[in-house]
Amino acid sequence: MPGDGLPVPAGLSAVLAAAAGRAAEQPVGGAPALREAACGYWERRGLPTRLGRVAAAPGAPALLVALTAALGGDVLVPRPCAAWWAPYARLLGRPVFHVPTPAESGGVPDPYALLETVRRVRDEGGDPRLLVLSVADDPTATVAPPELLHATAEAAAGEGLHLVSDETWRDTLHSPHDTVLLSPAEMLPGQVTVVTDLAGALLPPSWPAAVARFPADATGRDLHARVLDVLTALGARVAEPVAAAAGHALGEPADVVERRAAAVRLHASVAAAAHAAVVAAGAFARPPQAGRHLYVDLGPLRAGLAAHGVGDAQELEDLLTTRLGMPAPGGHRFGDDLGALRVRLATGPLLGDTDEERTECLTSPSPLELPHVQRALMSLRSVFDDLRDDAQRRESPR
């Protein structure tokens, strides 16, 4: 998960420090105070939640492992998808099937491709039970339109699939007043478990905490109980100081809300500038709508990349990581085809090298005009322009 690159807010640090001397353990699934804070968080987003249908864990991966183990069967995910989804299912010995996404967005499978994949898996003796999706997506940084989500949710429901909606990035919309984000739990309240990793918008990635919201019916009750059994077997408890900070953040006091909004504005502006740079060089990328990253397809520059010995996503990752001086994970890490020349670029590394520079980005009314940000974006443009020029030189004369 790409971090925001920013210093920890003073308010959160104070809450964590105040709880550092607590010796008691959080119970598996989270203490009532943490779960009540999660209920309030979802209530404010139009998802009324019962206290007995919430579980907390030290990060979303623990919750997904527990859900996959509790539900059984085969797992369906979009192509591409968050890098950590498929490995945890495979860890449990569960087959994972990637379903193509439509051209306009990632995170949610095409409904017709989903139906065809389910049919094929069953014809081959498989047992698909779980579909994991994300409306605000990592890695593509897009937000699936409501009509697509509705069609896919209906298709999944018709096939008896349980949906896990990873809503880690829902609070990082770049244009929150212009982008409509719906949770599938609003459409299928009895068949959707919502998972939110607080590292998306509320906590630093080094403070692992995530919460899950289960359906309110008997199915949700039974699934919640089975998930708690798995979390108990794993010893997956949120550390007490982190739980205190998580509860504070989920309560969304003014300082947390203001900091989150400032961070989202910052990353949105840098992502837009990075998107303009890569598109101007001839690469393809959907305009980023959420998160702090963008997903770039360098297929149009394949001829130039071949001159550098790049023929697949791993080789592209190696080249760009070296040239950019920042991580550039290839699309194969997100379940994409190895032969496709795609990478995810994070915006955090473009904010500076020191806490002072990154804090200046957060407080500046014009962060793109700061010298260190301009240098970082200029370096990005230079790398992609060089690849464009290489591709043009290698094109056959007309």
Take Leu234 and tell me if it is in contact (Cβ under 8 Å) with a residue 24 or more places away in the chain, surrounded by fewer than 20 Cβ atoms within 10 Å (Cβ to Cβ) and over 17 Å from the mean Cα position of the chain (by Cα). yes
Wholly inside segment 189-281, helices (runs of 4 or more DSSP H) that include 3 or more residues that are in contact with an Asp or Glu (Cβ under 8 Å, 6 or more places away or on another chain) and not small (Gly, Ala, Ser) are 254-280
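Residue by residue through segment 1-45, note down the ones that are among the acidic types (Asp, Glu) and surrounded by fewer than 21 Cβ atoms within 10 Å (Cβ to Cβ).
The first filter runs over segment 1-45 and keeps only residues among the acidic types (Asp, Glu), leaving 4, 25, 36, 43.
Selection gives Glu25, Glu36, Glu43.
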Pick from segment 271-300, criterion under 30 Å from Leu16 (Cα atoms) and either out of contact with any Phe, Trp or Tyr (no Cβ under 7 Å at 6 or more places or on another chain) or of a type in the set (Ser, Thr, Tyr) (or both), ranking: surrounded by the fewest Cβ atoms within 10 Å (Cβ to Cβ): His293
Hey, does segment 289-304 have a residue that's among the aromatic types (Phe, Trp, Tyr), outside the structural domain of Val135 (by TED's automatic domain parsing) and more than 24 Å from Pro176 (Cα to Cα)? no
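Does Ala153 satisfy the criteria of being of a type outside the set (S, T, N, Q), assigned to a loop (DSSP other than H, G, I, E, B) and in contact with a helix residue (DSSP H, G or I) (Cβ under 8 Å, 6 or more places away or on another chain)? Lay out the reasoning, then the answer.
On the way: of a type outside the set (S, T, N, Q): yes; assigned to a loop (DSSP other than H, G, I, E, B): no; in contact with a helix residue (DSSP H, G or I) (Cβ under 8 Å, 6 or more places away or on another chain): yes.
Criteria not met by Ala153.
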Could you tell me how many of the residues in segment 352-386 are touching a Gly at 6+ places or on another chain (Cβ under 9 Å) and hydrophobic (A, V, I, L, M, F, W, C)? 5
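Residues checked against (1) within 18 Å of Phe214 (Cβ to Cβ); (2) buried (at least 18 other Cβ atoms within 10 Å of the Cβ):
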site	(1), (2)
Leu47	yes, no
Val54	yes, yes
Ala60	yes, yes
Pro80	no, yes
Ala83	no, no
Tyr88	no, yes
Ala103	no, no
Leu114	no, yes
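The values are calculated or read from the model by the stated rules, or taken from the named source; none is laboratory data. Remember, predicted model here, so these are calculated numbers, not experimental data. Here the Cβ is made from the backbone with ideal geometry for all residues, glycine too, and neighbour counts use every protein chain on show.
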